[in-house]
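One structure is given below, encoded as C-alpha cells.
The values are calculated or read from the model by the stated rules, or taken from the named source; none is laboratory data. Bear in mind the structure is a predicted one, so any value in this text is a computation, not a measurement. Backbone-built Cβ (ideal geometry, glycine too); neighbour counts: all protein chains shown. In case anyone asks, the SASA skips ligands and DNA or RNA and just uses the protein heavy atoms, side chains included. Shrake-Rupley method; radii C 1.70, N 1.55, O 1.52, S 1.80 Å.
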Amino acid sequence: MSVSSPTGDRPVKAFWPPMAAGAALGLALLFTFLITGHGLGASGAATDVIAGTGLAVAPAATQANLYLGPKVADGNPIGSWMTWEVLGLFIGALLAAFMAGRFRVQLDGARSVGTSSRIVRALAGGVLAGFGARVAGGCTSGLGLSGAAALGVAAFVFLALFFATGLITSRIVRGV
Amino acid sequence: MLPLHTTGALSGLACGFLFGYILENAGFGSPQKLTAQFKLTDWSVFKVMFTAIVVAALGLWLLRLVGLMPPDSIAVPQALVMASAVGGVLVGAGFAIGGYCPGTSVAGLASGRLDALVFIVGLLVGTFAFVGLYGPTVRSVMALGMIAEGDTFTDAYGVAEPVVLAALVVMLVAVFFAGSWFERRGPGPVSAEQAVAGAE
C-alpha cells in the first residue's frame, strides 16, 4: 500500500526490511574500517564544531581548555574526517528520503505531545545525549555500533546501559 | 595493506553518504520508529544494529584470517567501564526523551524533521557543557573501572575471538526471535506511511 506524499506526487515507499538494512549497514561499516582504520560515528562532529567555533571566537580559551586544546593543536577541526562524514550522512539521508517520497517538513511529535512540549523534549534529549556521548567517548554509532564490531568491551557496556535506561525512561517520559 | 587510513573529505563524504542512505531507508530518521524500540513494539533498531555488528565483525575477522589485514590494525574503544556505563545511561535517556541519538538526528533533519534540528542544537549545548566541566575530577571519574589488560574481550578476558563471534551470532538470533515475538503481540513495526505522517 502506498499513499501520496504530502510534498509531492511521489508515493511513500516502504522501509527496507531490518535484515537487509542491517546487512547493508554492516558492509558500509566494514568498508569504512577498511579505508580509514576506524568505524562510523556522529557525535565527534559536534565536538569538532564546538572546537572549531571556539578557536575562531575565543582562541585563547579554547587552546587552554583541557578537552578542546589537543583537538585544536593541529588547526581547525572543522574539515576533519568526522565533519565530512556527518555532511555525507546528511546528503545520503536526504537523497534516500526524497527518492522514497519520505521527505516531509514537520515537527515530528507535535501531534502526539504538543508543539512546545516536543521542542523542550527534543532539546533536553539532545543535551543529555551530547553530554553523555562525550562522557562515553562516542555515541550509538561511534561506540555502540563501531566499537561492538571491533569487539570492544566498552561498546557492550554502553549498549546494555543504553537499552536499560531507554526502556525505563520511555515508561516515565513520552518523547514523541 | 589494509586498512588504508584515508582521512580526507572524499573518504568522509563517501562513508557518511552510505551511512545516511542506509539509516533513512531503515526508517531511522523517524523518532516514532526509533523510540518504538524502547516501547518494545518495533525492534528494527536492534535488528539492524546487531545484523550490522555481526556482518562487520565477521568481515573483519575473515580479512585477518586470510592475511589481508594485520591484527590490531583497527580502532577499538578504550575499555573505560565507568565512562561507557554513565555515557550509555545519558545517551539512552536522551534517546528516549528526545527521540534520536546523534547520528539518527542528522537523518531526521535530512528527512525534513525540525524537531531533529532542535535535538542537534541540544547536542551542541550538551557537548559545550561537558567541555566546560571537563577537568581533573571528571577525568578521574571517567577513568574508574578501566580494564588495564586490554580493550577487546580477547585481550581483557582471554576469550578466543571465534567464541566472541559465536556469542554475537547467538545474540543476533535472540534479538530477531524476541523482537518478532513482541512485534506480533503489539501494534507491529512503524510503517513508512506512519513515520511520514508523524507520531500521534
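What number of residues within the range A:47-103 satisfy the criterion of being more than 7 Å from chain B (Cβ to nearest Cβ), part of a helix (DSSP H, G or I) and over 16 Å from the mean Cα position of the chain (by Cα)? Result for the range A:47-103: 19. A single member of B:ALA93, B:ALA116 is open to solvent by 10 Å² or more (accessible area, probe 1.4 Å) and among the hydrophobic types (A, V, I, L, M, F, W, C), and it is B:ALA93. Counting only residues that are in a helix (DSSP H, G or I) and either open to solvent by 50 Å² or more (accessible area, probe 1.4 Å) or touching a strand residue (DSSP E or B) at 6+ places or on another chain (Cβ under 7 Å) (or both), which one in the range B:56-76 is nearest to B:PHE19 (Cα to Cα)? So, considering only residues that are in a helix (DSSP H, G or I) and either open to solvent by 50 Å² or more (accessible area, probe 1.4 Å) or touching a strand residue (DSSP E or B) at 6+ places or on another chain (Cβ under 7 Å) (or both), the one nearest to B:PHE19 (Cα to Cα) is B:LEU58. Restricting A:ARG121, A:ARG111 to residues that are open to solvent by 50 Å² or more (accessible area, probe 1.4 Å), under 19 Å from B:VAL190 (Cα atoms) and not aromatic (Phe, Trp, Tyr) narrows the list to A:ARG111.
None of A:LEU89, A:LEU27, A:LEU55, A:LEU66 is out of contact with any Leu (no Cβ under 6 Å at 6 or more places or on another chain), among the hydrophobic types (A, V, I, L, M, F, W, C) and within 22 Å of B:PRO31 (Cβ to Cβ) except A:LEU89.
Are any residues in the range B:39-55 of a type outside the set (A, V, I, L, M, F, W, C) and at the interface with another protein chain (Cβ under 7 Å from one of its Cβ atoms), and if so, which ones? Matches in the range B:39-55: B:LYS39, B:SER44, B:LYS47, B:THR51. Taking the conditions (1) more than 7 Å from chain A (Cβ to nearest Cβ); (2) under 15 Å from the mean Cα position of the chain (by Cα); (3) touching a residue at least 12 places away in the same chain (Cβ under 8 Å) in turn, B:ALA36 satisfies each one other than (2). The selection criterion, being at the interface with chain A (Cβ under 7 Å from one of its Cβ atoms), surrounded by fewer than 24 Cβ atoms within 10 Å (Cβ to Cβ), in contact (Cβ under 8 Å) with a residue 40 or more places away in the chain and more than 27 Å from B:ALA79 (Cβ to Cβ), does not hold for B:GLY99.
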